[in-house]
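Below is one structure, written out as structure tokens; comments come after it.
The values are calculated or read from the model by the stated rules, or taken from the named source; none is laboratory data. Remember, predicted model here, so these are calculated numbers, not experimental data. Glycine also receives a Cβ, built like all others from the backbone with ideal geometry; neighbour counts cover every protein chain displayed.
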Amino acid sequence: MSSMPIALAGIGKIARDEHIPALNDSPDWHLAATISRNAEVEGVRAHEDMDAFLADPGDIRTVSLALPPAPRFAYAKKAIAAGLNVMLEKPPATTLGECRILQDMARDAGVTLYASWHSRMGAAVEEAARRLRGAALRRLHVDWREDVRQFHPDQDWVWEAGNLGVFDPGINAFSILVAILDGRVHLTRAEMVVPDGRETPISADLEFGHGDGARVSARLDWGHKGAPVWNMEIETDRESFVLTRSGTGIDDGQGEIDLGGETAEYALVYARLAELVRGSGSDTDLRPLEMAADAFLLASRSIGPPFEW
């Protein structure tokens, strides 16, 4: 089966770290065009914006949007209106209202819309879900800490209203949480700390309600120093274990279990996109974004020290 051409919009850090390597190695796709005001990929046809690309898309029928959330909605609407399939980097849009519009547009246009959640592709996510099936959950704590300077260096947009602040990494945890608990969890309390002079939080403490009455909580921290911590501590009536490294490992107390090495998350994301496009389907789970939105609705806020790069 021949590979399909795809255009990639947004040639920033996440595109160069993850999207482009995944596409270069993909049996399903080849990068045929880029859309970016500031960057190009050598040997690939470049366009300054979506309008310029749509003026001459050639045989490209699919666009992957890896640009920040704020401009993503307008780009997605234009692509769908032109009859193109669209993949959205997480979060799928700035608001749930924007997501609903994109869902309706894609359905009416008969094109694929894929709201991707790369952390769900971790090798241990399905194993954690398997261990939880039929078990009574007693406690689950999300411990999600990283240094914003490492993952978003000098990117001031992450602190602007309309973006997620610490929920940018935290939404990865939410995407795993709703998957392994089959959605039987909802936010009940949130406390946020917003750096003085910024508009989005640098840390958050959260509590959730669970259908079985289990204690479910989360600590998100974007001011963490050192190696990132992306863990979920899980206790059931059968066992206790830790889902580690953003869903790629499991530690049962005797050390990490070998699940076949690191997971190429974005390779699996693009494989899923190919499956959807070839089957004329869509995949738009909005529950992780709903959790983040609920946090902003419920949260009490305190002002923390100023953040400087």
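Do we have any residue at all in the stretch 42-54 that's touching a residue at least 12 places away in the same chain (Cβ under 8 Å), touching a helix residue (DSSP H, G or I) at 6+ places or on another chain (Cβ under 8 Å) and part of a loop (DSSP other than H, G, I, E, B)?
No, the conditions are met nowhere in the stretch 42-54.
Within the stretch 250-277, track down each residue that is more than 20 Å from the chain's Cα centre (by Cα), at pLDDT below 90 and either aliphatic (A, V, I, L, M) or within 18 Å of W230 (Cα to Cα) (or both).
Residues satisfying the conditions are G253, G255, E256, I257, D258, L259, G261.
Working only within the stretch 149-164, note down all residues that are surrounded by 12 or more Cβ atoms within 10 Å (Cβ to Cβ) and over 18 Å from the mean Cα position of the chain (by Cα).
R149, E160
Please find, among A55, A79, A70, the residue that is of a type in the set (A, V, I, L, M) and in contact with a Leu (Cβ under 8 Å, 6 or more places away or on another chain).
Of the residues listed, the single one that is of a type in the set (A, V, I, L, M) and in contact with a Leu (Cβ under 8 Å, 6 or more places away or on another chain) is A79.
Here's the yes/no breakdown for (1) among the basic types (K, R); (2) under 18 Å from R100 (Cα atoms); (3) assigned by TED's automatic domain parsing to the domain that holds E160:
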position: E48; (1), (2), (3): no, no, no
position: D51; (1), (2), (3): no, no, no
position: A55; (1), (2), (3): no, no, no
position: A66; (1), (2), (3): no, no, no
position: A70; (1), (2), (3): no, yes, no
position: K77; (1), (2), (3): yes, yes, no
position: L88; (1), (2), (3): no, yes, no
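In the stretch 223-246, is there at least one residue being closer than 25 Å to E265 by Cα, among the charged types (D, E, K, R), at pLDDT below 95 and assigned by TED's automatic domain parsing to the domain that holds R139?
Within the stretch 223-246, one or more residues are closer than 25 Å to E265 by Cα, among the charged types (D, E, K, R), at pLDDT below 95 and assigned by TED's automatic domain parsing to the domain that holds R139.
Residues are listed down the side, and each one gets a yes or a no for (1) in a loop (DSSP other than H, G, I, E, B); (2) surrounded by fewer than 15 Cβ atoms within 10 Å (Cβ to Cβ); (3) aliphatic (A, V, I, L, M):
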position	(1), (2), (3)
T188	no, yes, no
D205	no, no, no
R219	no, no, no
E235	no, no, no
A267	no, no, yes
